[in-house]
C-alpha cells in the first residue's frame with residue numbers, strides 16, 4: 001500500500017448533491033472531513049475546515065431557496081494534486097454573495113457586539129483563498145485550504 | 001449536544017455542555033438557558049470539558065444568552081474549554097467578552 005502523502009489523489013466520489021436542508025449538514029461535513037484526512041491535514045486544520053464549511057453550507061441552506069421552492073446543494077471536491085483542498089459549493093437559488101457581508105467588530109464590548117457576521121469573518125480568516133461568482137444561474141463559492149494556514 | 005444541570009450553589013447554576021454545538025444544536029442551548037432565565041436563574045457557569053466542537057452558530061447562541069444575562073445583572077462564565085474550542089473563542093474575540101476559567105474550581109473562586 002502506498003504511503004499517505006499530500007499528493008495522493010482523493011478517492012472518488014468527489015461530488016455530493018443533496019437537498020439544501022439542515023438535516024443534511026452532517027453528511028456534507030463528513031464528506032469533506034474524510035477527504036481532508038486523506039490529505040494528511042492536521043486535526044487543527046480539519047477543525048478550521050469544519051468551521052468554514054459549516055458556515056458556507058448553512059448560508060446556502062438558509063438563504064438560497066425560498067421555502068416553497070426547495071433545491072439542492074452541490075459540493076464538489078477537486079483533486080488538483082497540489083496538496084491543497086479545493087472545494088466548490090454551488091446552488092441554483094437566488095443570487096447571494098456571502099463575502100459581501102461585513103465582518104463584525106471583534107473588539108466591541110459584549111452588549112455592543114452584533115449577533116451576526118461572525119461566520120463570514122471565520123470564512124475569510126481561516127481559508128487560503130475564497131471567491132464567489134454567479135454562473136449559469138448558479139451561485140458558486142470556491143474555497144482553497146492549505147494544509148497549514150498562515151495568517 | 002447535551003446540556004445537563006450539575007448543581008445550583010451561591011446563586012450560580014453549573015451546567016455541563018457536551019458534544020457538538022453547531023447550526024443544528026445551538027437552539028437547544030438557547031431554549032434551555034431561556035428556560036432557566038424564566039425561572040429567575042441569572043448566573044451560570046458552563047463546564048465545557050466535554051464540548052468537542054463549536055461553530056459560529058454556537059457562538060451566536062452563547063452571545064444571545066450572555067447579553068440577556070448581562071441585562072439582568074447576572075453572570076455567564078465558561079470553564080475547562082478544550083483546546084480546539086478555546087481556539088474558536090480566541091479567533092472570534094469571544095475570550096475578551098466572556099469570562100473563561102481553566103476549571104470549575106477557578107470559576108467558583110472568582
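The values are calculated or read from the model by the stated rules, or taken from the named source; none is laboratory data. It should be emphasised that the depicted structure is a prediction, and the values quoted were computed from it without experimental measurement. For neighbour counting, all protein chains shown are included, and Cβ atoms are generated from backbone atoms with ideal geometry for every residue, glycine included.
Quick notes on this structure:
- Test: residue in the stretch A:48-60 that is crowded, with 20+ Cβ neighbours inside 10 Å and more than 18 Å from residue B:58 (Cβ to Cβ): yes
- Hits in the stretch A:62-82 (condition: surrounded by 14 or more Cβ atoms within 10 Å (Cβ to Cβ) and under 17 Å from the mean Cα position of the chain (by Cα)): A:63, A:64, A:72, A:73, A:74, A:75, A:76, A:77, A:78, A:79
- Matching entry among A:147, A:70 (being part of a loop (DSSP other than H, G, I, E, B), more than 14 Å from every other protein chain (Cβ to nearest Cβ) and more than 29 Å from residue A:43 (Cα to Cα)): A:70
- Failed criterion for residue B:98 (all others in (1) assigned to a helix (DSSP H, G or I); (2) within 11 Å of chain A (Cβ to nearest Cβ); (3) at pLDDT 95 or above hold): (1)
- Some residue of the stretch A:93-108 being out of contact with any helix residue (DSSP H, G or I) (no Cβ under 9 Å at 6 or more places or on another chain), at the interface with chain B (Cβ under 9 Å from one of its Cβ atoms) and under 20 Å from residue B:56 (Cα atoms): yes
- Of the criteria (1) outside any helix (DSSP H, G or I); (2) within 13 Å of the chain's Cα centre (by Cα); (3) surrounded by fewer than 19 Cβ atoms within 10 Å (Cβ to Cβ), which one residue A:89 fails: (3)
- The residue of the stretch B:56-95 that is nearest to the other protein chains (Cβ to nearest Cβ), among those that are surrounded by fewer than 17 Cβ atoms within 10 Å (Cβ to Cβ) and touching a residue at least 24 places away in the same chain (Cβ under 8 Å), is B:64.
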